[in-house]
Amino acid sequence: MKYETKCIIFTDLDGTLLDKNYNYKKAKLALKLIKKKKVPLVFCTSKTRAEIEEYRKRLHNSDPFIVENGGAIFIPKQVINKNLIKKTSFSFKSKKGYYVIELGAPYSKLIRVFKKIKKKFNVKGFSDMSVKTIAKDAKLPLNEAKLAKKREYEEPFKILDKNKKKIIDMIKINKLRFIEGTRYYHLTSKNDKGKAVRILIKLYKEKYKNKIKSIALGDSYNDYPMLNVVNKPFLIQRFDSSWAKKASRKFIKVRGIASIGWNKAILGELKK
């Protein structure tokens, strides 16, 4: 079996494959090599399904993807068939050309809790913001801000006072999770990127008969669960040239901000 069928790449988008302007042009050499070697490239991000589908079109990507910090896994039906999913005993739905494994709570449940938080603390979530406000705040084009509002499994938000610890405590009392991302905090359920990546690794092992080498790239604390479960975890340098804090010693720190570091890590790994 050739090397490229053994290797799976999981990657965050914002601050990792994408630079400050949401551009991946500085990673084009690595993306070209991934295509040439036919390596599955799995987006694992806090972005919505609608946002990721747009990037998949731009990059001609047809691999599975993980949305909203592990809220759900979307598997194109032509990539992994349902018999393989059944073997792993995961429950799944069939939806618009995908098999979907949902790990997160419905958005409606998260918003009910978020409304309780808003009554006590000064927070502002995507559910409160217009498309224009999100576009300005996140420096997104209007059409992409519209896609970012199509939440299904988590609520990105900003804390506008000094009550972060109390907010986290309230989230825990409601049996939900607080995640710190590159640009926003996130209210979500017990899902995380690591749980979703583990499931996909298991499915790819079934497909490729256990011959898998998993690689992951991320820049933020919310990427740690993903980095912890792969063979080769790369921590990408952040926009301020630092690396996210409290990183495991096994994480490989890459010099090069966002897509520059991403390109460097992938070229170095795939050319071996």
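The values are calculated or read from the model by the stated rules, or taken from the named source; none is laboratory data. Keep in mind it's a predicted model, so treat the numbers as computed, not measured. Methodologically, a virtual Cβ is constructed for each residue, glycine included, from the backbone with ideal geometry; neighbour enumeration extends over all protein chains shown.
Quick notes on this structure:
- Restricting the search to helices (runs of 4 or more DSSP H) fully inside segment 64-178 and requiring at least 2 residues that are under 16 Å from Thr48 (Cα atoms) and among the small types (Gly, Ala, Ser) gives 131-138, 142-148.
Residue-wise test of (1) out of contact with any strand residue (DSSP E or B) (no Cβ under 8 Å at 6 or more places or on another chain); (2) without any contact (Cβ under 8 Å) to a residue 24 or more places away in the chain.
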| position | (1), (2) |
| --- | --- |
| Leu18 | yes, no |
| Lys32 | yes, yes |
| Cys44 | no, no |
| Glu51 | yes, no |
| Gly70 | no, no |
| Ile75 | no, no |
| Gln78 | yes, yes |
| Thr88 | yes, no |
| Phe92 | no, yes |
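- Filter result for Lys26 (under 18 Å from Leu270 (Cα atoms), out of contact with any Lys or Arg (no Cβ under 7 Å at 6 or more places or on another chain) and either aliphatic (A, V, I, L, M) or in a helix (DSSP H, G or I) (or both)): yes
- Conditions (1) in a helix (DSSP H, G or I); (2) over 18 Å from Ile75 (Cβ atoms); (3) among the hydroxyl-bearing types (Ser, Thr, Tyr); number of the one not met by Tyr204: (2)
- Evaluation of Tyr153 against the conditions (1) outside the structural domain of Ile201 (by TED's automatic domain parsing); (2) hydroxyl-bearing (Ser, Thr, Tyr); (3) touching a residue at least 40 places away in the same chain (Cβ under 8 Å); (4) out of contact with any strand residue (DSSP E or B) (no Cβ under 7 Å at 6 or more places or on another chain) shows that the sole unmet condition is (4).
- Taken as a whole, the condition of being surrounded by 19 or more Cβ atoms within 10 Å (Cβ to Cβ), under 27 Å from Asn23 (Cβ atoms) and of a type in the set (Lys, Arg) does not apply to Lys245.
- Test: residue in segment 16-29 that is among the aliphatic types (A, V, I, L, M) and farther than 25 Å from Leu142 by Cα: yes
- Qualifying residue in segment 54-62 (condition: assigned to a helix (DSSP H, G or I), in the same structural domain as Arg198 (by TED's automatic domain parsing), in contact (Cβ under 8 Å) with a residue 24 or more places away in the chain and among the acidic types (Asp, Glu)): yes
- Counting the residues of segment 208-246 that are not aromatic (Phe, Trp, Tyr) and not in a strand (DSSP E or B) gives 22.
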